[in-house]
Amino acid sequence: MFHEWSLVLFTVLVQMAAGAMLLAPVASLAGLAGAGSGVPAGLAGCSRARRVSRGVALVAAPVMAASLLISLLHLGTPLNAPKTLLHLGTSWLSREILFTGLLALCAVVLAVAEGRGKGASPVLRGAGALAAAACLLSMTNVYMLRTVPAWNGPLTPLAFVAAALLLGAGVVAVAALWPHADTDADGGEAARPGATALALAALVTLAALVVHALALLAAMPGPVVPGGMGLATAHLVLLALSAGVLLAATLRARAADIPGALRLAGLALALALAGELAGRVLFFGLYARIGL
Amino acid sequence: MPMPARPAFLFDSRLCTGCKACMIACKDKNDLDPGVRWRRVTECTGGEWTRTAEGYRQNVFSYYLSVSCNHCEDPICVQSCPTTAMHQDGNGIVSVDPKKCVGCKYCSWSCPYGAPQYSERLGRMTKCDFCRDEIEAGRPPVCVAACPSRALQWGDLEALRGKLGQPMAVAPLPPVSATRPALFVTPHRDARPVGSTAGLKANPEEV
Amino acid sequence: MKTTHPQPGASRPSRSAPAYAAGTGPEDCAARSLNRRAFLKWCALLGGAAMLPGGLAGLCPAVAEAASGGDRQDFVWSSCNVNCGSRCVLRAMVRDGAMVRMDTDNLGADDYGTHQIRACLRGRAMRQRVYAPERLKYPMLRTGKRGEAAFRRASWDEALDVIAAKMKDVRERYGNEAFYLNYGTGNLGSVMSKSWPTDQTPITRLMNCFGGYLNHYNTYSTAQIATSMPYLYGGGLGNALSDIVNSKLVVLFGNNPAETRMSGGGVVYDIQRAKRESNVRVIVIDPRYTDTAVAVADEWIPIRPATDAALAAGIAHVLFAEGLADRAFMDTYCVGHDEAHLPEGVPAGSSYEAYIMGKGPDGVAKTPGWASAICGVPVDTIVRLAREIGTAKPCCISQGWGPQRHHNGENNCRAIAVLAALTGNVGIPGGNTGAREGGYSLPFPGFPTLKNPVAASISFFLWTDAIVRGPEMTAERDGVRGVPRLNVPVKFIWNYAGNALINQHSDINRTARILSDDTMCEMIVVVENFMTPSARFADVLLPAVTNLEENDFAHQGSTAEMGYVVFAQKAIEPLFESRSVYDMCADIAGRLGIRDQYTEGRTRDEWLQKILAAARQKLPDLPATLEEAWKLGVYKVRNPGKPFVAYKAFRDDPVANPLATPSGRIEIFSKRLWDIGHKWELPEGERITALPEYDEATEGQGDPLRKKYPLQLVTHHYKQRTHSTYGNVPWLKEAAPQNVWVNPLDAADRGLAHGDMVRVFNDRGATVLPVKVTPRIMPGTISIPQGAWYAPGAGGTDFGGSANILTSLRPSPLAKGNPQHTTLVELTRHSGGSHANAS
Ligand code: SF4
Ligand code: SF4
Ligand code: SF4
């Protein structure tokens, strides 16, 4: 089997960070929408939105830093790593490395900005979301090799985008529930956008689960991977569990049990991460090129 | 032979006995580590046995393919390489610049011939360079000069094209369209067409 | 007749700018900053041979640099001297006293007849063999129990003193017949250091000066065919395979040049060329779909091993029944084919026709149906094959040495050959005798080894018997020749460049038991390059140089149309304390007081010069001095005539040129065998027959032992090794890993998948190795490539994949030869540990 543990970790973690950075603005908008639908706290809404984007940035920055370090472990000659930016013209891998670097940079700048009082500007957040999208696109294309049929189909984009949304949503949910001095004064109020975000996250997770199942189906009949059935099962079961736990978290949040909801959301994120890692091992296991 | 503008391999599968003199000549010249195989010989074997009233019947067939890097005209390895370490020179020879290679192995994932060979010791990709030193000196690549059956030959891509038409392939090689290899294969009498799964790669541990 | 091969000499292109192999650029390695000598010193410090270039098993970048760069003039001509049947040219590229690359004869023109003698993969891996970590470094004396490989270092003086003293002692107590020179082919084809033929080695000369030694006849390769063919033809010649351009059909019974004659100057190339030229139809009959079948066959007919005589009889039945037998030919040239041509004093019904048609003593007609049940070839295939053979004029029927290496091998090979006689294909272009191919060769003198004063001779295969029960061995029971009975058991064994002490003999466990008792055979001297399985059984172990470390001549291998000789020059200095075997023998002779007789006052190089001068008597074009010879490297001559046709003179005029049989004809019925068959004492169930009858072998098709051990084990020659030589070379093990071939049907019956570790076993022993599941072998038959080094683990199980842990010491009836392919076994998945954790 194709043992690429460092790439399994790298791709899943980067996708988690990228998903979160893509979803953070969406979640913020959703939070504002929540405010508009009868919750009389415009300013609080802003705060909640900011709480999400701050939480996301605080998660994404270290995750991206770790991912970049892990990616170095895959390299035979890490000292030559800067040279990987030399082939942006034709190499998707080169582009992926560029955009992953940019994404990490955005995450760090965002985290610093969010950590300093006023928060990051929408431009910066927008840039982060753009970098995330570019990173996901290039990463998908890295694996869409014309000589690797199992990867060169719907599997790769579906699996990668679904993973990004699913894990990103989990991060957003946790961020929305994370206790924070600015907004926790009105504990009850915080529950509503938290619940909305959670419900959204659960929806995204369910949708991603379906997409994953479809993607796997699309990859069949692919190369037979030893242990493949077990990995596929673990992958889908863990994601289903994650969705279920998120739903439970939503109910907890609606019942204004924020600490309880947070614990459940954290558990859901952990389950999703485990499920994605299993799925990614399977993904790499499906590698089989044409020819010799 | 003077250095061709664009060297190409010519492999007559009818003659190949799978002896691997080509592979060992290459390993010796380049002092290759265990597991690093710039030229590999694939055994393609198929056919079935059935027990019948009159004894066993079978339709077994087998043939060999000796393949290194084919210094392709559409080299996916070069296109994929993030560092430009994997590069193609004016003669179409694709080789690795060890000063640039980062050892990400991406070229070897993408090459449908398994030509780029990773060296754990060097932390870099290594591969066939068409024995550039030999052919510049007017001598054949060592694998060609080694072949006891004279199954492996070489020449100028355009000249060979003029003589033989477009390169063609047989199973389990990839379709020529994948990378447009500078490799002309003369099919063995039992060769199966590209894409056929009637024969299996029978020696996966050796290639 | 002599046209020398054009050598590229002065016009040889020299290399200009140094270039580095991709990925091995010197900038990648710390060793780069070291200069070459410092590097070598560094290597030596780190661990002797293991760290010498090549012995590093791979990239020592400094070596790659040296091999790739600079001017390529500094190569040295040498050769590969092993027992593969070919003989290749090597060119060692040498830098600062170390070999950095092994090239071959690939310079200059490649015109057929003086074409390039390109080495096979093994020769190309010679560097890793010479610089192997298993190289013996200094003389050693046994300290532990024999076979345990417990040794201590000794000086050359001490080791040779021990040998000389023991030689005197054994001669005094037992006489010269107690000395045995074991078969060994690790240095074959050279002149001054050859280890085979056994009567032509430097040790032979020493022993002859010392009063002689017990001879042996035949070899592990060809015992049965070499013994039985002369009863048929008075010899065993065959047409050259280049002659198949004149054939209408070629039928190869177990003949597999692609795996047994692998040189690019050898028979594999000859047959491929001829096949390409004429596109003659080729049928390969073999339990395995061999690489020869891949390369030249139009049809593969799988056959159960040891049943060739049955298939031949089935074919003969069709030939007789359908009037396809060539009566006119047989009546003129043969004896015993029909009742009208039987020798005097033989009962009616003794002819081959009577045997085939059911009119012989057994009353069984050898119909295709009868044959099919035995050999596993479908009836319709037998009938078609017979018609093809009977109607293709001329037809080349040829056999390799697999069909004869059986317990019933004498009759198998004679039965195949008789088909050639039945169809009148003997002595004509495009035909053949049914024997293995002949070819063209140059005469080249050897090292004179004098005459052995001892007349007694045993079968090469019965030396373990001669240790245990020598004086019981007689001419009529054990095939002792020269004397009616042996006088003494074997007490002193010389084992030079051979691995038949353990690995290549049969029944390793029994052999090891016999050898481990040092009161039986009292002294075993092993002269070797490596710590082989045989070397472990030495009492005195002497390190010899490899042929790359000494000057020599290498006489050609088997070829169809080219005669040649290689002038091999020393490429590197002897490693460690190793020495040339001639020098060892001269020093022993000195201790025995016979130095002058042994050396005639010549050094080894002076002998070479003398032999070269002698060679020039017959080949005046040869260079006069060693220096000139080394510059030339290889001298080639194309056969000036037509491809060799065996017994052509006999065919042209049988009266003027009779065969060397008693009748002068082809003796399909052999009166000599008839007499032997009535005289010799044979074990229960064995026969020696005047006709090439099918006899069921011990452990053959009908043996009840099949219930317990249903699979027949054969062995094949494998590209990884020449027998066991090269068996320690990492590149070769990587290119061609040891495995056992098993048909998918047999694998499925046992739940085995390709690559699984399996245990192959019978009552004699067991070996563990990976399985190659392949349709390229007959169901019910498995094949282990022979020669892998025996690596005993727990409970005597071998973990090296050595086939001879399973084979039998029971000799064949007439030749007293090795029945290596008549072995019943079973096969299961191996669940225990590996070698390391099993012992
Ligand atoms: S064979 Fe593979 S490595 Fe060689 S040029 Fe073609 S794609 Fe690249
Ligand atoms: S040396 Fe020639 S015959 Fe042998 S495996 Fe290579 S290409 Fe085939
Ligand atoms: S093993 Fe035989 S064929 Fe191979 S190089 Fe040596 S002599 Fe030639």
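The values are calculated or read from the model by the stated rules, or taken from the named source; none is laboratory data. Bear in mind that the values here come from a model prediction, so they are computed numbers and not experimental data. Please note: Cβ atoms are built from the backbone with ideal geometry, for glycine as well, and neighbour counts cover all protein chains shown. Keep in mind that these areas ignore ligands, DNA and RNA; they rest on the heavy atoms of the full protein, side chains included. Shrake-Rupley method; radii C 1.70, N 1.55, O 1.52, S 1.80 Å.
What number of residues within segment B:118-133 are in a strand (DSSP E or B) and more than 8 Å from chain C (Cβ to nearest Cβ)? Total satisfying the criteria: 1. How many of the residues making up segment B:6-32 are open to solvent by 20 Å² or more (accessible area, probe 1.4 Å) and more than 16 Å from ligand 2 (Cβ to nearest atom)? Residues meeting the conditions: 1.
Where strands (runs of 3 or more DSSP E) sit wholly within segment C:754-796, those with at least 1 residues that are over 23 Å from the mean Cα position of the chain (by Cα) and buried (at least 23 other Cβ atoms within 10 Å of the Cβ) occupy C:757-762, C:765-773. Among the residues of segment C:256-270, just one is of a type in the set (D, E) and at the interface with chain B (Cβ under 9 Å from one of its Cβ atoms), namely C:E259. Scanning segment C:119-136 for residues that are touching a helix residue (DSSP H, G or I) at 6+ places or on another chain (Cβ under 6 Å) and either among the β-branched types (V, I, T) or near ligand 3 (Cβ under 8 Å from one of its atoms) (or both) returns C:C120, C:L121, C:R124, C:V130.
Among the criteria (1) within 16 Å of ligand 2 (Cβ to nearest atom); (2) under 18 Å from B:C143 (Cβ atoms); (3) more than 9 Å from chain A (Cβ to nearest Cβ), the one B:S62 does not fulfil is (2).
The number of residues in segment C:380-397 that are in contact (Cβ under 8 Å) with a residue 24 or more places away in the chain, under 34 Å from the mean Cα position of the chain (by Cα) and more than 20 Å from C:Y352 (Cα to Cα) comes to 7. Across segment B:159-175, not a single residue is classified as away from ligand 2 (no atom under 16 Å from the Cβ), within 7 Å of another protein chain (Cβ to nearest Cβ), open to solvent by 10 Å² or more (accessible area, probe 1.4 Å) and under 26 Å from B:A5 (Cα atoms).
Can you work out which of the residues in segment B:134-183 that are in contact with a helix residue (DSSP H, G or I) (Cβ under 9 Å, 6 or more places away or on another chain), in a loop (DSSP other than H, G, I, E, B) and of a type in the set (D, E, K, R) is modelled with the lowest pLDDT? Here the answer is B:R139.
So which of C:T559, C:T519, C:T511 ends up being open to solvent by less than 20 Å² (accessible area, probe 1.4 Å), out of contact with any Lys or Arg (no Cβ under 8 Å at 6 or more places or on another chain) and closer than 20 Å to C:A149 by Cα?
When all the criteria are applied, what remains is C:T511.
Residue pairs whose Cβ atoms lie under 8 Å apart, sitting 6 or more positions apart in sequence or on different chains, and linking a residue in segment C:76-92 that is within 13 Å of chain B (Cβ to nearest Cβ) and within 16 Å of ligand 1 (Cβ to nearest atom) to a partner that is among the aromatic types (F, W, Y) and assigned to a strand (DSSP E or B), do not occur here. Remark: B:I76 falls outside the filter, which requires a residue to be within 16 Å of ligand 1 (Cβ to nearest atom) and touching a His at 6+ places or on another chain (Cβ under 9 Å).
When we screen C:Y718, C:Y726 for residues that are open to solvent by less than 10 Å² (accessible area, probe 1.4 Å), under 26 Å from C:S263 (Cβ atoms) and not assigned by TED's automatic domain parsing to the domain that holds C:E148, the only hit is C:Y726. Regarding A:V161, is this residue within 14 Å of another protein chain (Cβ to nearest Cβ) and either modelled with pLDDT of 90 or more or in contact with a Phe, Trp or Tyr (Cβ under 6 Å, 6 or more places away or on another chain) (or both)? Here the answer is no, as A:V161 does not meet what is asked. Looking across B:S95, B:S80, B:S68, one residue alone is under 17 Å from the mean Cα position of the chain (by Cα), more than 16 Å from ligand 2 (Cβ to nearest atom) and small (G, A, S). It is B:S95. Counting only residues that are open to solvent by less than 10 Å² (accessible area, probe 1.4 Å), closer than 22 Å to B:V207 by Cβ and more than 7 Å from every other protein chain (Cβ to nearest Cβ), segment B:145-156 holds 2 of them.
Listed by first and then second residue, the pairs with beta-carbon distance under 6 Å, at least 6 apart or on different chains, first residue in segment C:121-143 and closer than 16 Å to C:L160 by Cα, second of a type in the set (D, E) and assigned to a loop (DSSP other than H, G, I, E, B), are C:Y138/C:E577; C:R142/C:D539. Within segment C:417-453, being touching a helix residue (DSSP H, G or I) at 6+ places or on another chain (Cβ under 6 Å), open to solvent by 20 Å² or more (accessible area, probe 1.4 Å) and within 21 Å of C:N218 (Cα to Cα) holds for C:E437, C:G446, C:L450, C:N452. Just one of (1) under 26 Å from the mean Cα position of the chain (by Cα); (2) not assigned by TED's automatic domain parsing to the domain that holds C:K166 fails for C:I458. It is (2).
Exactly one residue out of B:T42, B:T50 is of a type in the set (S, T, Y), within 20 Å of B:H71 (Cα to Cα), more than 7 Å from chain C (Cβ to nearest Cβ) and more than 16 Å from ligand 3 (Cβ to nearest atom), and it is B:T42.
The helices (runs of 4 or more DSSP H) falling completely within segment C:277-347 that include 3 or more residues that are more than 17 Å from C:Q399 (Cβ to Cβ) and open to solvent by 10 Å² or more (accessible area, probe 1.4 Å) map to C:308-321, C:327-333. Applying the set (1) at the interface with chain C (Cβ under 10 Å from one of its Cβ atoms); (2) touching a Phe, Trp or Tyr at 6+ places or on another chain (Cβ under 9 Å); (3) within 30 Å of B:Y118 (Cβ to Cβ) to B:D190 leaves exactly one unmet item: (3). The number of residues in segment A:120-154 being within 17 Å of A:G101 (Cβ to Cβ), more than 14 Å from chain B (Cβ to nearest Cβ) and more than 17 Å from the chain's Cα centre (by Cα) comes to 1.
Checking each residue in segment C:254-283 for being more than 16 Å from ligand 2 (Cβ to nearest atom) and under 18 Å from the mean Cα position of the chain (by Cα) picks out C:G254, C:N255.
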